[in-house]
Structures are given as C-alpha cells and as structure tokens.
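FYI, it's all coordinate maths here, none of it is from the lab. Given the structure is predicted, the values throughout are model-derived calculations rather than measurements. Reconstructed Cβ throughout: ideal geometry from the backbone, glycine too, with neighbour counts over all protein chains shown.
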Ligand SMILES: NC(=O)c1ccc[n+]([C@@H]2O[C@H](COP(=O)([O-])OP(=O)(O)OC[C@H]3O[C@@H](n4cnc5c(N)ncnc54)[C@H](OP(=O)(O)O)[C@@H]3O)[C@@H](O)[C@H]2O)c1
C-alpha cells in the first residue's frame, strides 16, 4: 500500500505556531519519508518564509495564498491546488491538514461573507476547501482536522473559565453576536469551542461520505499557551504563555508539531478512521455527546446551505 509520505500533503495555517512546526517536521524528514507540500496561508512574508525554509530543507513546495475568512479566496485556492496537481508539478494529493484556526475575542466580528469569524475560519473555510478537494485525493489518503478538548467542560477548564461548546443549529452558530448584546470572554470561548465541536461532528459525517480509502482523523495538540491563537489577549499574556511552554510537559508547537506530522504521515496511524480523536500521540474517546448522528447530518445540510448562499 502506498504511504501518505509518497504523495503531497496540503496544510492550512503553515505560517505560525503548530502549523509552522508541523510543516518544518514534514520538510525535514529523510528523502524517502518526505511528502511534497502545498502550503495554504495568508499571502505575504510569513508564507514566503515558511515555504523557503521547507524548500531549503529539501521539500518540493507550492505556496497558495488564501484568506480563509473569504470563501471566494478558499474556492480560488482549491482551484489553484487542482491545477498544480493536474500539471504534475507535485505528487498526488494524499493528505489535507486543516490546521489554521483563530480564537476571536469579539464575536460581533464577521468574515468577508458575513459569518461569525471564528466559525467561518475554523470550520466553514475548511469544509469548503475539503469539499472542493475530496475528489482529487488519491487513496490511501488522510484528512486531519484540528480539534480542541475545550468542546467539553472539566474542572481544570471551569477554574480557568474556558467556556465549553453550547451547541445550537449551525445556521445560528454561523451568525455573529447581535449588536445589542455585549461581547464577552464567555461568548468568545463558546464560539471557539462550538467551532471545534462542529469539526468533530463534521469529521464523523465526512467519513460516511468520503470515498473508501480516506481516513478522517481529529488531532488535539494539547494546550499550547504561547501560540498566536492567544494573540488577541495581548502580547504580555503571550509572553507568559511562551515562558510556560518552556516547562517540560507543557505542550508547545515544537513538541506537538512533529506529532501532528506523524498523525498525517505515519503508517502507525493508517488504521484511523471515523474522526478518531488523537490527543498528541494517543487515541482517546470523545464525550458521548460528540457522536450524534442527527446533529452530524444537520450540520452537513446546514453547511451546504451556508456555503451555497455565498456566491
Ligand atoms: N494553541 C492551543 O492551545 C491549541 C489547542 C488545541 C487546538 N489548537 C488548534 O491548533 C491549530 C493551530 O493553532 P495555533 O495554536 O498554532 O495558532 P496560531 O499560532 O495562531 O496559528 C494559526 C494559523 O492559522 C492561520 N490563520 C488564521 N486566520 C487565518 C485566515 N483568515 N486565513 C488564513 N490563515 C489563517 C494563521 O495565519 P497568520 O500567520 O496569517 O495569522 C496561522 O498560520 C488551530 O486550529 C487551533 O484551534 C490550538
């Protein structure tokens, strides 16, 4: 059976934090275990730099500029990827890592298409991109989505006041907070956690609809307090986060990036399907409510509606 590393891996959000570390880990593999790379990120210096670093490490790299907060951009990026694949300039597409993500503090903020920004970038943009590329994936193939344990409450997160998901109909989840309701840390946390629960539900439904030979996996990198995900909480807090990441045992892009690369590439994980949830380097059960066939089917049709209503 062909290995994933014998093909091309597309990763979103390669410019920062976990995505950058995973890109570097893939590029630095020995020749026989190194995939070609398609890097999908906001156009600019960051994307050019990470592409250059990966090329310097020996990888064949295509960078595709794309603002995931604009569905027209996402569709264009998918078209560009299809063209690169058709031209033979890169090996067959065998994996997609939907890594890019945001945690927006003001849930009044919307994407270019009018959807709540966290839901739009973390979930909708990836549903569009994967939907547009599903048929060009060459099996055996893997789709890795970025999950987060924040979707459910535990004692640790309750103390830290990290809000869990509060699931509603997806059409509602896609709407920004109404102007007469104030933004709050709790609403922002709920929006983030909802987007991650949406990815779990999406993963389960995607597996039912994808062609045989595609495995859908959800990866949780552990709490990495110093990444750009916390950028809206201020530079001081991020500095504290980066200091915490130096403590052994605390997750960081340097530690979790290679684990993400391994989940996407390694034969060790070839059996994973059905949205299997991998926390760093171990498969874990999700909460019972994160498997819900009715919600998963509804999310699929609502997503179709949300994507189709944007021309
Ligand atoms: N940090 C944690 O504790 C943690 C825990 C669990 C899961 N996760 C998940 O891990 C993933 C990576 O997060 P991270 O911590 O590495 O965060 P990060 O450092 O902020 O990296 C996020 C990446 O997403 C990209 N991105 C954001 N908005 C975009 C847009 N509109 N268009 C294109 N790209 C966009 C960023 O690009 P720019 O450089 O252009 O901004 C960056 O490359 C996310 O899905 C996150 O939810 C993180």
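Can you tell me which residues in segment 15-26 are more than 16 Å from residue 143 (Cα to Cα) and either in a strand (DSSP E or B) or within 13 Å of the ligand (Cβ to nearest atom) (or both)?
Within segment 15-26, the first condition is being more than 16 Å from residue 143 (Cα to Cα), and the residues that meet it are 15-18, 20-21, 24-25.
Scanning segment 15-26 gives 15, 16, 17, 18, 20, 21, 24.
Kindly indicate whether residue 226 is closer than 18 Å to residue 251 by Cβ, in a loop (DSSP other than H, G, I, E, B), out of contact with any strand residue (DSSP E or B) (no Cβ under 8 Å at 6 or more places or on another chain) and within 10 Å of the ligand (Cβ to nearest atom).
Yes.
Hey, residue 268 hits all of (1) within 23 Å of residue 35 (Cα to Cα); (2) in a helix (DSSP H, G or I); (3) touching a residue at least 40 places away in the same chain (Cβ under 8 Å) but one; which does it fall short on?
Among (1) within 23 Å of residue 35 (Cα to Cα); (2) in a helix (DSSP H, G or I); (3) touching a residue at least 40 places away in the same chain (Cβ under 8 Å), residue 268 violates only (3).
When you check residue 260 against the structure, is it out of contact with any helix residue (DSSP H, G or I) (no Cβ under 9 Å at 6 or more places or on another chain) and either within 14 Å of the ligand (Cβ to nearest atom) or closer than 23 Å to residue 102 by Cα (or both), yes or no? Give the derivation first.
Numbers: out of contact with any helix residue (DSSP H, G or I) (no Cβ under 9 Å at 6 or more places or on another chain): no; either within 14 Å of the ligand (Cβ to nearest atom) or closer than 23 Å to residue 102 by Cα (or both): yes.
The answer is no for residue 260.
Name the residue that is nearest to the ligand (Cβ to nearest atom), counting only residues in segment 33-54 that are assigned to a helix (DSSP H, G or I) and in contact with a helix residue (DSSP H, G or I) (Cβ under 8 Å, 6 or more places away or on another chain).
So, considering only residues that are assigned to a helix (DSSP H, G or I) and in contact with a helix residue (DSSP H, G or I) (Cβ under 8 Å, 6 or more places away or on another chain), the one nearest to the ligand (Cβ to nearest atom) is 50.
Only residues that are within 16 Å of residue 125 (Cα to Cα) and touching a helix residue (DSSP H, G or I) at 6+ places or on another chain (Cβ under 8 Å): list them for segment 80-92, please. If you could, list the steps in order and put the result at the bottom.
Looking only at segment 80-92, we keep the residues that are within 16 Å of residue 125 (Cα to Cα), and these are 80-81.
Within segment 80-92, 81 is the sole residue that qualifies.
When you look at residue 131, is it away from the ligand (no atom under 11 Å from the Cβ) and part of a loop (DSSP other than H, G, I, E, B), yes or no?
no
Considering every residue within segment 151-164, establish whether at least one is in contact (Cβ under 8 Å) with a residue 40 or more places away in the chain and under 20 Å from residue 229 (Cα atoms).
Start the filter on segment 151-164 by keeping residues that are in contact (Cβ under 8 Å) with a residue 40 or more places away in the chain, which leaves 151-152.
Then drop every residue that is not under 20 Å from residue 229 (Cα atoms), which leaves 151-152.
Looking for residues that are in contact (Cβ under 8 Å) with a residue 40 or more places away in the chain and under 20 Å from residue 229 (Cα atoms), one finds at least one in segment 151-164, hence yes.
Only one of these conditions is not met by residue 219: (1) in contact with a strand residue (DSSP E or B) (Cβ under 6 Å, 6 or more places away or on another chain); (2) surrounded by fewer than 14 Cβ atoms within 10 Å (Cβ to Cβ). Which number is it?
Single failed check for residue 219: (2).
Any residue at all in segment 165-174 that is touching a strand residue (DSSP E or B) at 6+ places or on another chain (Cβ under 7 Å), outside any helix (DSSP H, G or I) and surrounded by 15 or more Cβ atoms within 10 Å (Cβ to Cβ)?
Yes: segment 165-174 contains one or more residues that are touching a strand residue (DSSP E or B) at 6+ places or on another chain (Cβ under 7 Å), outside any helix (DSSP H, G or I) and surrounded by 15 or more Cβ atoms within 10 Å (Cβ to Cβ).
For residues that are within 17 Å of residue 40 (Cα to Cα) and outside any strand (DSSP E or B), tally how many sit in segment 134-160.
Number of matching residues: 3.
Within segment 1-14, how many residues turn out to be farther than 21 Å from residue 69 by Cβ and within 16 Å of the ligand (Cβ to nearest atom)?
Total satisfying the criteria: 1.
From 255, 231, grab the single residue that is surrounded by fewer than 20 Cβ atoms within 10 Å (Cβ to Cβ), without any contact (Cβ under 8 Å) to a residue 40 or more places away in the chain and touching a helix residue (DSSP H, G or I) at 6+ places or on another chain (Cβ under 7 Å).
Matching residue, one of 255, 231: 231.
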